[in-house]
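Read-outs throughout are calculated quantities, based only on the coordinates presented, and are distinct from any laboratory measurement. Fair warning: this is a prediction, and the values are worked out from it, not measured in the lab. All Cβ positions, even for glycine, are placed from backbone atoms using ideal geometry, and neighbour counts span all protein chains on display.
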Amino acid sequence: MSGRIIAAAVSIVITSLYGCSQSPVTNSNDIVFPDSLVSYQKHVKPFLNLRCGQCHSDSYAAGGIRLTQYSYLLFDKPNLIVPGKPDESLVNQVLERIIAHQAGRMETIPSNQINGMRTWVTEGALNN
């Protein structure tokens, strides 16, 4: 009987920890970047995964560019992200239309997200 009580207690703890957590964002337009203290985990990663991950993923890296992991942004290709320097960061240049991009999904990116990516890079492109 004590085994059942322990199992029930574990089940309750797991349910309370995971059952009430926020569901992951499934639409990139639902991601709202703050004006400061942009988080890679809360804002940048979901944005890049949903907006860019279809073409720039682990399994299909268009142009040899993967954008789905922090390490890819900083180490896969030179200057994808240059911490503290959004004007030198290729991702920002593409988002801000300084560099042309082929995908049609670029047309519908809200300015909040473009500015949020700039802020994240300006703040040091932290893995936070």
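At a glance:
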item	result
Radius 13 Å from Cβ of Lys85, net charge of other residues (Lys, Arg +1; Asp, Glu -1)	-2
Under Karplus coefficients 6.51, -1.76 and 1.60, residue-wise ³J(HN,Hα) of region 33-41 in Hz, glycine/proline x	7, x, 6, 8, 6, 6, 9, 4, 5
Relative exposure of Leu95, Leu80, Leu37, judged by other C-beta atoms within 10 Å (fewest first)	Leu37, Leu80, Leu95
Formal net charge of residues neighbouring Asp30 (Cβ-Cβ distance under 13 Å; K, R +1; D, E -1)	+2
Ranked Ile31, Ile99, Ile81, Ile109, criterion: other C-beta atoms within 10 Å, fewest first	Ile99, Ile109, Ile31, Ile81
20 Å Cα-Cα reach of Lys85 towards aspartates and glutamates, excluding residues that sit fewer than 8 places from it in its own chain	Asp35, Asp76, Glu96, Glu123
Residue order, fewest to most beta carbons within 10 Å, for Arg118, Arg66, Arg97	Arg97, Arg118, Arg66
